[in-house]
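A short write-up of the structure that comes next.
Readers should treat all values here as calculations from the given coordinates under stated rules, not as data from a laboratory. On a predicted model such as this, the values are computed, not experimentally measured, just so you know. Glycine also receives a Cβ, built like all others from the backbone with ideal geometry; neighbour counts cover every protein chain displayed.
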Amino acid sequence: MSKRSLLHSRLLDITVSRLAQQLVEYHYPFENSVLLGMQPRGVFFASRIADKLEEILGHRVPLGKLDVTFYRDDFRRRIKPIKANTTEIPFPLENKRVILVDDVLYTGRTVRSALDAMIDFGRPAKVELLILIDRVYSRDLPIEPTYVGKHVNTLDSQRVLVEWKEQGAKEDNIWLINKEEA
Amino acid sequence: MSQALSVPHLLGIKSLTESDIQLIFETADEFKSVINRPIKKVPSLRDITIANIFFENSTRTKLSFELAEKRLSADVVNFSSGNSSVKKGETLLDTVNNILSMKVDMVVMRHSSPGAPHFLSRYIDANIVNAGDGTHEHPTQALLDTFSIREKLGDVSGKKVAILGDILHSRVALSNIFALQKLGAEVMVCGPNTLIPKYLGNLGVKITSNIREALHWCDVANVLRIQLERQHIKFFPSLREYSMHFGLNKQLLAELDKPITILHPGPINRGVEITSDVADSDHAIILDQVENGVAVRMAVLYLLASIRQN
């Protein structure tokens, strides 16, 4: 299995800072904006963004967790079922500007389920998508991110693996892995 | 993070592993938060049709299953034997095969014969959920009972649970014994000697016919109803006498040195196995059990349906 690092701790920190600055540009003073991290790994990324925003703004932007397991379109089509995670949205979504946050954007199907799941909590005024790694040219659905950390050209036979320190990794790292050599 | 049940059907707690039960609990936690939202529905089972086949009467279980199915967006068809071809002499297998020909993916069945769902599972492809088979098992009830204990006391492991009442005719008792033991709890049963099965001791449960002893020993008391409809001979002289010796009342609870949690699978016969002041007290979690029943059944249906069909 060969793997190549796409981003690691220091560069990643620079990317997170840039994305946070971009958000400030469009959302300042964040009166009506909220972050919504997608379970499981989008939540780690979203809390990094929230930390960085707090450094810049001096206050915390509301952060929720969204689990889309029950909304997926590949139910009964996967070989192994996915275990559900907690959904925790401690604020109403009605009329909010929601920044949906995930680590990797690939086919767009998870984001599609997230839009469905979100609507069950209320009608946001606007939904934006913030992505750390955009695997370009691989979309199954017409879904595109609003903010992107890094564009990566990948093959279907490859996989992007994100490791966060919060999960027990030694340091943050994002890998591009060739599957067939595994 | 992918995990699946080790079985394609929920026939009984006996065939589940401890990690199956934990997976059901963890999934039910998420469904419990779903059913407390303004929109209490998720689209997971939208391409699945479920037949609820009840050959025996049921109100709460049937309602609970139907709600669980609808909150998962499944299509639901109902069948009760009262007004059916069963009365005209059709066999169980024929009845179910007829229903399955109409493209049903899952069957929730209650039947008066122990083992009826096990028999069916050998002949049909659909996932089967046992909603009670005679005096044998009632797995979803045991799951929701243990889920409610876990919710109230934090954990099931290490707890002492007394099951009081008509053990002989109770499928709830047997399923609860299996579930509690798999989760690491100790079990004692208490009832008139005539209503305790002869070989129950082989399951490793404590047996007593002294309700005071059971109550002093336990952290949780699960009170069962006297199933007069299944008693074709006299097992005790009268309901009044049963109530005097085995009924749970406030005086008995006041004698204890600690509060205990009270469960009852319903329907309650107030003044027989439990008095109103106990059933309505803060230590009784009878209505929590009903609420948890929907979440637990959603978890069971969801997890069974998620096993891939080719």
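Can you name the helices of chain A, as whole DSSP H runs, whose Cα span along the helix axis is 20 Å or more and whose Kyte-Doolittle mean is not below -1.0?
Passing helices, by number: A:9-27, A:41-57.
Any chance you could give the angle, 0 to 90 degrees and rounded to 10, that helix B:18-34 forms with the longest Cα principal axis of chain B?
Relative to chain B, helix B:18-34 is tipped by roughly 80 degrees.
What does the charge dipole of chain A about its Cα centre add up to, to the nearest 20 debye, if the Cβ of each Lys and Arg holds +1 and the Cβ of each Asp and Glu holds -1?
Dipole about the Cα centre, nearest 20: 460 debye.
Stretch B:HIS283-B:GLU241 to full length: gain in nm at 0.36 nm per residue minus the Cα-Cα span?
Full-extension gain reported as 12.6 nm.
I'd like the Kirkwood hydrodynamic radius of the protein assembly as shown, using the inverse of the mean 1/r over distinct C-alpha pairs, in Å.
Mean inverse Cα-Cα distance, inverted, gives 25.3 Å.
How long are the semi-axes of the equivalent ellipsoid of the stretch B:100-207, taking √(5λ) for every eigenvalue λ of the Cα gyration tensor, in whole Å from largest down?
Square roots of five times the eigenvalues give 28, 18, 10 Å.
Which value in Å is the Kirkwood Rh of the stretch B:165-204 over different Cα pairs?
10.4 Å is the Kirkwood radius here.
What is the helix-to-structure angle for B:171-182, meaning the angle in degrees between its Cα long axis and the longest Cα principal axis of chain B, kept from 0 to 90 and rounded to the nearest 10?
Taking Cα atoms only, the helix is inclined about 90 degrees.
Checking a compactness column here: for chain B, what do you get for Rg(Cα) / (2.2 N^0.38 Å), N being the number of residues?
In units of the globular-protein estimate, chain B measures up at 0.99.
Taking every DSSP beta bridge with both residues inside chain B, roughly what % is antiparallel (nearest 5)?
The antiparallel fraction comes to roughly 5 percent.
With a cut-off of 8 Å between alpha carbons and a minimum separation of six or more residues, what is the relative contact order of chain A in percent?
Once normalised by length, the contact order is 26 percent.
Pairs B:LYS70/B:LYS159; B:LYS198/B:LYS258; B:LYS206/B:LYS234; B:LYS62/B:LYS258; A:LYS179/B:LYS182: which are spaced more than 30 Å apart, C-alpha to C-alpha?
B:LYS70/B:LYS159; B:LYS198/B:LYS258; B:LYS62/B:LYS258; A:LYS179/B:LYS182
Starting from the stretch B:198-296, pick out the trypsin sites (Lys or Arg not before Pro) whose DSSP state is loop and whose Cβ has at most 15 other Cβ atoms within 10 Å.
Hits after loop and neighbour filter: B:LYS198, B:LYS234.
Taking the Cα-to-Cβ direction at A:VAL136 and at B:GLU18 and moving 7 Å from each Cα, how far apart do the two end points lie in nm?
5.2
Ignore the peptide's own chain and count Cβ atoms of other chains within 10 Å of each Cβ in A:82-89; give me the average, rounded.
Other-chain Cβ atoms within 10 Å of each residue's Cβ, averaged: 5.
What distance in nm lies between label points placed 7 Å from Cα along the C-beta direction at A:ALA169 and B:ARG37?
Those two pseudo-labels are separated by 2.9 nm.
Counting partner chain Cβ atoms within 10 Å of every residue's Cβ in A:64-76, what's the average?
4
Starting with the highest mean, order B:216-222, A:12-18 by the number of other Cβ atoms within 10 Å, averaged over the residues of each peptide.
Top to bottom by mean Cβ count within 10 Å: B:216-222, A:12-18.
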